[in-house]
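Here's the structure, in structure tokens; my notes come after.
The values are calculated or read from the model by the stated rules, or taken from the named source; none is laboratory data. Since the model is a prediction, treat every value here as computed from it, not as a measurement. We place every Cβ from the backbone using ideal geometry, glycine too, and count neighbours over all the protein chains shown.
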Amino acid sequence: MEILSRQLIRAEKVGSLTGIKISRYAPTLSHLFYADDAFLCCKATPLSFETLRDIFKDFEAFSGQMINFSKSYIKFSPNTPADFREHLTSILKMAQLPTFGTYLGVPIDIPRKRSAVFLPFVDTLTTRISSWSALHLSQPSKLIVISAILLASLNHVFSAVPIPIGVCRKIDALLTAFWWRNDWNRHSIHSTSKSILQAPKEYGGLGFKNTHLLSQALLLKNFWRIHTQPTAFLARYMAPKYARDLPVPLATSRVSQPSFIWSGICKAVSAANNGICWKLGNGRLIDLWSSRWINEDGSYSVKSGYSLLWSESSAARCIRSFVHTFPWKQVWRKEIPPKISIMLWRLAHNIMPTNDNLISKYVPVDSMCTLCHSSPETEEHLFRSCEAAQHVWNASALGINAIANPSISFISWVGDFLSYLHRQSLVPNQRWILLHFCCVLQAIWSTRNAVIFRNHNGDPAVTCRLIENLLHSHVQFSKVRPTQLHPSNDFVAPCVVTSASLPQRSAVSFSVSTRHVPRTNCFSYCIISTELDYSKSSVVRASSSFDASTRALLGAMRYAHSLGLSSVCFFVSCCKLSAVLATSLPVPISVRHSFREIRALFVIYPYWSVRLATG
């Protein structure tokens, strides 16, 4: 093939073969080779066709390989006369076609009605999805199939040509339906919007790629190659024609009648314009007043391009305002099996198929709790306030009092627990605690399903045995070492903030008081424990007595935590601090981080309490 290429180049030099140009200043193109395929371009003249015929004969003579003329075709430009086409076709003895169709899945000739060319991709994807659906895959398996197989199979097409947005929406709809449906031939309930599924995992989504944004991110790679590799084939042929659009094209090309591919690149560059910066060199191309430039190195990747495009989309703005604060990174930790991670994701979005949620989707079911039949079955009730669930939490090795503070919502309750374990990476058996907590949630849900679908009686003792079985089966996945399989005696879990009504067990008291330092913006605080013969005083810079008291209380709690005290009563002198801790009043942003740690400590110590000091 190298010799055949040299023959074609020599024929161009002597003038017997004339290639084509995509613009006046672009190089001449006569042939492209890929594997055992050859794409030849020349002017429609008898001399060019006769030259090609002679080169083919010479190639067959010295290589021993014959060109398969039955699989070779000619395509003429539209302005070539019909009789002239017949004459030229007879020289090479090849059939002529109005279009080449697709090559390696990518359409070569794209008409004005572009959607019709790409609809076969939708049909092919539908066939593949229906074959996968017949296997009745779990949702973790579907997540892998969508990300690593279905979307990955289209990457080479997306990187070559722009995909019409209507086709992208159809592909997105197919992937979404595949995620929610258990049977491809039956409709299913879509519990949340497509935009949430397509959001990154750290924003509360599942990381599904938006195909339109993915297509733009892959096209941006071509723009990056044109700039960073000026000697590459793509840059040598594209840059001369579209020089008026460079270095950074607008959404609409300045060149008259640009190609479909270049128009797509221009739109992608315009969409990602906020992420394009200049590296300062000689400054010749930089507009001092309007260009963004940096003095450190920068590089482009499809991942970074997609992240930028998604962050500037309307869906991202909706997600940021809709999805509540939740430790999403903790949900997808590698220690947690994917099945449990998806369950936590659904719990956080309140889209578990509880009876209450099913009724909201117009499914005719009984609204009462499946386990206790005393209250409507919501996530809050089923996993936390149901008598059966409370028995399971109390009987587990974690010993959690699930209803210690009912003013905290269930989602916040779970989120505070996960956040605490993330911050306290040195807590004994931290990984085991996280895994055990997830297994309790999974066991409660499995018991509920067993009562509905297998006529079980929902005995909490059976649920507790199921927790042990789940924990044992997940140990190998999470790689928890045997030494970590014994819970800490001090860990008893999320009650967040407790009142003084809890029973005291050999209680230790701390007195926390603050006062303003005159003519300064500082406060002094004092922490005293007569039982421990402990005292500490310090001065902190704070905007109010409430802020200073919060920091002082946190210091006392940290000290009690370092000693492992299981029952402590903290007396504070600030009325506002006592009121905020006892209720769900909003917390000022200046101490919000401190309050998160305070509530996290109450998560593991249910016999801690806060009282307002009197006298």
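Rundown of residues vs (1) closer than 15 Å to ILE91 by Cα; (2) touching a Leu at 6+ places or on another chain (Cβ under 6 Å); (3) without any contact (Cβ under 8 Å) to a residue 60 or more places away in the chain, yes/no style:
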site: LYS13; (1), (2), (3): no, no, yes
site: THR18; (1), (2), (3): no, no, yes
site: ALA26; (1), (2), (3): no, no, no
site: PHE56; (1), (2), (3): yes, no, yes
site: GLU60; (1), (2), (3): no, no, yes
Lone qualifier among SER72, SER90, SER77, SER115 - being in contact with a Gly (Cβ under 7 Å, 6 or more places away or on another chain) and among the polar types (S, T, N, Q): SER115
Matching strands (runs of 3 or more DSSP E) fully within region 506-615 where at least 1 residues are in contact (Cβ under 8 Å) with a residue 60 or more places away in the chain: 508-516, 567-572, 607-612
Pairs where the first residue, in region 252-263, is among the charged types (D, E, K, R) and the second is exposed (fewer than 14 other Cβ atoms within 10 Å of the Cβ), C-beta under 7 Å, 6+ apart: ARG254/ARG244
Single unsatisfied condition, ALA450 versus (1) at pLDDT 85 or above; (2) closer than 30 Å to LEU601 by Cβ; (3) surrounded by fewer than 20 Cβ atoms within 10 Å (Cβ to Cβ): (2)
Residue match in region 147-160 (condition: without any contact (Cβ under 8 Å) to a residue 60 or more places away in the chain, surrounded by 14 or more Cβ atoms within 10 Å (Cβ to Cβ) and in contact with a Gly (Cβ under 7 Å, 6 or more places away or on another chain)): yes
Any chance ILE286 is over 13 Å from LEU220 (Cβ atoms), surrounded by 15 or more Cβ atoms within 10 Å (Cβ to Cβ) and modelled with pLDDT under 80: yes
Region 570-586: number of residues that are at pLDDT 75 or above and crowded, with 17+ Cβ neighbours inside 10 Å: 9
Criterion violated by LYS142 - all others in (1) surrounded by fewer than 15 Cβ atoms within 10 Å (Cβ to Cβ); (2) in contact with a Phe, Trp or Tyr (Cβ under 6 Å, 6 or more places away or on another chain); (3) over 24 Å from ALA35 (Cβ atoms) satisfied: (1)
Positions within region 250-262 being within 18 Å of GLY305 (Cβ to Cβ) and either polar (S, T, N, Q) or outside any loop (DSSP other than H, G, I, E, B) (or both), in sequence order: ILE261, TRP262
Region 221-239 - residue that is among the polar types (S, T, N, Q) and not in a loop (DSSP other than H, G, I, E, B) and, of those, surrounded by the most Cβ atoms within 10 Å (Cβ to Cβ): ASN222
Checklist (1) part of a loop (DSSP other than H, G, I, E, B); (2) exposed (fewer than 11 other Cβ atoms within 10 Å of the Cβ) applied to ASP83, failing item: (1)
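Can ILE189 be described as of a type in the set (Val, Ile, Thr), part of a loop (DSSP other than H, G, I, E, B), surrounded by fewer than 18 Cβ atoms within 10 Å (Cβ to Cβ) and in contact (Cβ under 8 Å) with a residue 12 or more places away in the chain?
yes
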Residue list for region 215-273, restricted to those being farther than 25 Å from VAL117 by Cβ and of a type in the set (Lys, Arg): ARG236, ARG244, ARG254
